[in-house]
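Participant: Pasting in a structure now, in C-alpha cells, and then I'll have a few things to ask.
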C-alpha cells in the first residue's frame with residue numbers, strides 16, 4: 001500500500017455537487033483507492049465497480065477529502081478495531097472504514113450565541129452603574145474597583161468641564177491618593193477577634209465595636225463602614241463570592257448578588273453587632 005496525496009478542490013460535500021461533477025469525482029476517488037490499497041487483480045476491480053455507485057449513499061454529507069482522510073487513517077492503522085489489508089476493498093469494508101472514521105472524529109461543539117442587549121437595556125445598565133458608583137463614593141469616599149470608566153463617560157456627555165491643566169492637576173493628585181491608599185492597605189494593623197476574624201479602626205465599646213473601620217471574617221467576607229454604639233451601622237459588605245450588600249442605619253439598601261452560593265458565616269456573624 002502507498003500513501004497518495006489528496007487533490008485540492010475536494011472540499012465540497014457530495015450532496016452539494018452537480019450530478020455530472022459527482023460522478024467524475026467518485027470515479028477519481030476509485031482510482032485513488034486502487035492506488036492506495038494496491039487493488040490489482042480482476043476480483044478487486046469487480047468489487048470496486050460494485051462499490052463506486054454506492055459511495056454517495058454512504059457518504060452523502062461527506063467530502064471527497066473526508067473519504068480520503070478516512071482511508072489514509074485506515075492504512076496507517078489509526079482506526080479502532082480495523083486491521084489494514086492490502087489488495088482488498090468491498091462494500092462492507094468501505095462502510096466500516098467510513099463509520100469508524102466518523103466515530104473517531106471529535107464532536108463539533110455547537111456555537112453559543114450571546115444574548116443580545118437592546119440599546120435601552122445598555123443605557124439602563126450604564127445609569128445604574130453611575131448611581132452605584134456615586135452612592136458608594138458618598139459613603140466611603142472611594143471609587144469601586146473597575147469603575148474608573150465613569151469619569152470618561154460623563155466627560156463624553158459634557159457633564160463636566162475641566163481644562164487640560166485642571167485634568168493634569170487632578171491626575172497628579174489621584175496618583176498621590178492611590179499610592180497613599182496602597183501604602184495604607186499594605187500597612188494595616190489588624191486586631192484579631194475570636195474564630196480568626198480581624199478588624200482595623202473600630203473601637204471596642206461596652207456594646208461591641210464602635211466607630212469606622214474594616215472588619216474581615218476568616219472566610220473572606222469584608223465590611224467597610226461605620227458603627228455607632230451597636231445600634232446603627234452604615235457601609236458595604238463584600239462577600240467572598242463577589243456579592244455586595246450596602247447598609248444604611250442598620251438596614252440593607254441595595255444587594256448585588258452573583259450566581260455563586262454565598263459561604264456560610266461572614267455577614268451572619270455580624271448579627272451580634274446589628275441594631276437591636
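No lab work stands behind these numbers, since they all come straight from the coordinates. Predicted, not measured: the structure shown is a model, and the values here were computed from it. Quick reminder, even Gly has a Cβ in these numbers, built from the backbone with ideal geometry, and neighbours come from all protein chains shown.
Participant: Say each of residue 163 and residue 27 gets a label point 7 Å from the Cα, pointing the same way as Cα to Cβ; how far apart are those two points in nm?
Facilitator: Each label point is offset 7 Å from its Cα along the Cβ direction, giving 8.6 nm.
Participant: Still on this structure: How far apart, in nm, are two points set 7 Å out from the Cα along the Cα-to-Cβ line at residue 198 and at residue 83?
Facilitator: 6.9 nm
Participant: Is segment 14-104 best put as rounded, prolate or oblate by its Cα gyration tensor, with a ≥ b ≥ c the root eigenvalues, rounded for a/c under 1.5, and otherwise prolate when a/b is larger than b/c, oblate when not?
Facilitator: oblate
Participant: Could I have the simple spin-label model distance between residue 130 and residue 145, label points 7 Å from Cα toward Cβ, reported in nm to one decimal?
Facilitator: 2.6 nm
Participant: Given an 8 Å cut-off on Cα distances and at least 6 residues of separation, report the relative contact order of segment 14-104 as a percent.
Facilitator: 36 percent
Participant: Provide the FRET efficiency to the nearest 0.05 for the residue 76-residue 114 pair, computing r from the beta carbons and using R0 = 25 Å.
Facilitator: Working: r = 41 Å, r/R0 = 1.62.
That pair, residue 76 with residue 114, gives E of 0.05.
Participant: Could you give the length gained on full extension between residue 19 and residue 61, defined as 0.36 nm per residue of separation minus the Cα-Cα distance, in nm?
Facilitator: Roughly 13.7 nm would be gained on extension.
Participant: Something else about it: Determine, from the Cβ-Cβ distance of residue 179 and residue 137 and an R0 of 22 Å, the FRET efficiency 1/(1 + (r/R0)^6), rounded to the nearest 0.05.
Facilitator: On the way: r = 19 Å, r/R0 = 0.87.
The pair residue 179/residue 137 has a calculated efficiency of 0.70.
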